[in-house]
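The values are calculated or read from the model by the stated rules, or taken from the named source; none is laboratory data. Source: prediction; values computed, not measured. Methodologically, a virtual Cβ is constructed for each residue, glycine included, from the backbone with ideal geometry; neighbour enumeration extends over all protein chains shown.
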Amino acid sequence: MHLDVWQLRNFYHRTRLGRAAQRAIRRQVGVLWPEAAAQTVVGFGFATPLLRPFLDEARRVIALMPGAQGVTPWPEAEANLAVLCDDAAWPLETGSADKIVMLHGLETSEAPGRLLDECWRVLGPGGRALFVVPNRSGLWARGDRTPFGFGRPYSLGQLETQLQKHRFVPERHLAALFAPPSERRFWLRAGRAWESLGQRLSGSMAGGVLLVEASKQVFAPRPSGIRAEATRPVPVLDGGVALPRRESGPSGARAAQQSLTARFCHDRF
């Protein structure tokens, strides 16, 4: 089930570990999506920590928060862009989003298949979706001190397989949160170095979270394969004599044979 929105907000905005996690994940989002000029960017779950960099350049930014989690106004001291919705019923038109980022949404949803179908519906053709989920082999999924210890953690193969089942095409993947989930000052100060080292040594295995980018590819319908037959076939010429068109059924076959016999007798005698 989804975590409470105030628990998530307090973690990312009021704890040093949450702010460090926000910076590390946001840095990887910037690697995958360096710009979003004149695009519509939608976040689902509690994606506001990753949406703020898009406010200046995107045409439109929307933060969708599931009803089981709750909603909080965002951004603070500005016009609200956060909306409460159901996992499988987003208040957006089909194909209206250019980019969708999901944080604390997929792994805690009670109906992940329906959630992915709704995400696919809202994403425009050729659009990109970014799924940020706990890594089942990472340290952050092994305890409940952070939001990444709740819900279903994924391996890279499990997440890509589930995305493919719901018509997404996995494109790229990264990882983040290589440092242990500790509030100790040593680990917090060394967090940037751990992130750089982790990216060089392991693309995804040891990170606390996985970031998988997937696209929505809409293919043209295939032809039915049924060929229309000519209503008046061209007669086959045999020695300069046009053979009569064969009718369907037994009576048609007998008529064709009688016509050929009469023509043969006339030519011989």
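For residues in segment 121-141 being of a type in the set (Gly, Ala, Ser), within 18 Å of the chain's Cα centre (by Cα) and over 13 Å from VAL212 (Cβ atoms), which is modelled with the lowest pLDDT? Even if it seems obvious, please write down each step before you answer.
Initially, segment 121-141 is screened for residues of a type in the set (Gly, Ala, Ser), giving 124, 126-127, 129, 137-138, 141.
Next, only the ones that are within 18 Å of the chain's Cα centre (by Cα) stay: 124, 126-127, 129.
If we keep only those that are over 13 Å from VAL212 (Cβ atoms) as well, we get 124, 126-127.
Working: GLY124: 96, GLY126: 92, GLY127: 96.
Of everything passing the filter in segment 121-141, GLY126 is modelled with the lowest pLDDT.
Residues being within 23 Å of the chain's Cα centre (by Cα) and either buried (at least 22 other Cβ atoms within 10 Å of the Cβ) or in a helix (DSSP H, G or I) (or both): count how many of those fall in segment 142-161. Let's see the steps before the verdict.
Here is the first cut: in segment 142-161, the residues within 23 Å of the chain's Cα centre (by Cα) are 147-148, 150-161.
Cutting the leftovers down to either buried (at least 22 other Cβ atoms within 10 Å of the Cβ) or in a helix (DSSP H, G or I) (or both) gives us 147-148, 153-154, 156-161.
Adding up the residues that qualify gives 10.
How many residues are within 14 Å of ARG19 (Cα to Cα) and polar (S, T, N, Q) when one looks only at segment 157-199?
Adding up the residues that qualify gives 1.
Being touching a Gly at 6+ places or on another chain (Cβ under 8 Å) and either among the polar types (S, T, N, Q) or not assigned by TED's automatic domain parsing to the domain that holds PHE150 (or both) narrows it down to one residue among GLN22, GLN69, GLN7; which is it? Can you show your working first?
Working: GLN22 fails: touching a Gly at 6+ places or on another chain (Cβ under 8 Å); GLN7 fails: touching a Gly at 6+ places or on another chain (Cβ under 8 Å).
Exactly one of GLN22, GLN69, GLN7 is touching a Gly at 6+ places or on another chain (Cβ under 8 Å) and either among the polar types (S, T, N, Q) or not assigned by TED's automatic domain parsing to the domain that holds PHE150 (or both), namely GLN69.
Are any of the residues in segment 38-49 closer than 30 Å to ARG200 by Cα and aliphatic (A, V, I, L, M)?
The answer is yes, given that some residue of segment 38-49 is closer than 30 Å to ARG200 by Cα and aliphatic (A, V, I, L, M).
How many residues does segment 65-89 contain that are touching a Phe, Trp or Tyr at 6+ places or on another chain (Cβ under 8 Å), surrounded by 15 or more Cβ atoms within 10 Å (Cβ to Cβ) and assigned to a loop (DSSP other than H, G, I, E, B)? Walk me through it before giving the result.
So the first thing to find is which residues in segment 65-89 are touching a Phe, Trp or Tyr at 6+ places or on another chain (Cβ under 8 Å), and the list is 65-66, 69-70, 72, 80-82.
This time we only want the ones that are surrounded by 15 or more Cβ atoms within 10 Å (Cβ to Cβ), so: 65-66, 69-70, 72, 81-82.
With the extra rule that they be assigned to a loop (DSSP other than H, G, I, E, B), the set shrinks to 69-70, 72, 81.
Final tally of qualifying residues: 4.
Is it the case that GLU78 is touching a residue at least 24 places away in the same chain (Cβ under 8 Å) and over 17 Å from ALA37 (Cβ atoms)? I'd like the intermediate steps shown before the answer.
On the way: touching a residue at least 24 places away in the same chain (Cβ under 8 Å): no; over 17 Å from ALA37 (Cβ atoms): yes.
In short, no.
Among (1) at pLDDT below 95; (2) closer than 17 Å to LEU210 by Cβ; (3) among the hydrophobic types (A, V, I, L, M, F, W, C), there is one condition MET1 misses while meeting the rest; what is its number?
Every listed condition holds for MET1 apart from (2).
Which members of segment 90-117 meet the condition of being surrounded by 15 or more Cβ atoms within 10 Å (Cβ to Cβ) and of a type in the set (A, V, I, L, M)?
LEU92, ALA97, ILE100, VAL101, MET102, LEU103, LEU106, LEU115, LEU116 - these are the residues of segment 90-117 that are surrounded by 15 or more Cβ atoms within 10 Å (Cβ to Cβ) and of a type in the set (A, V, I, L, M).
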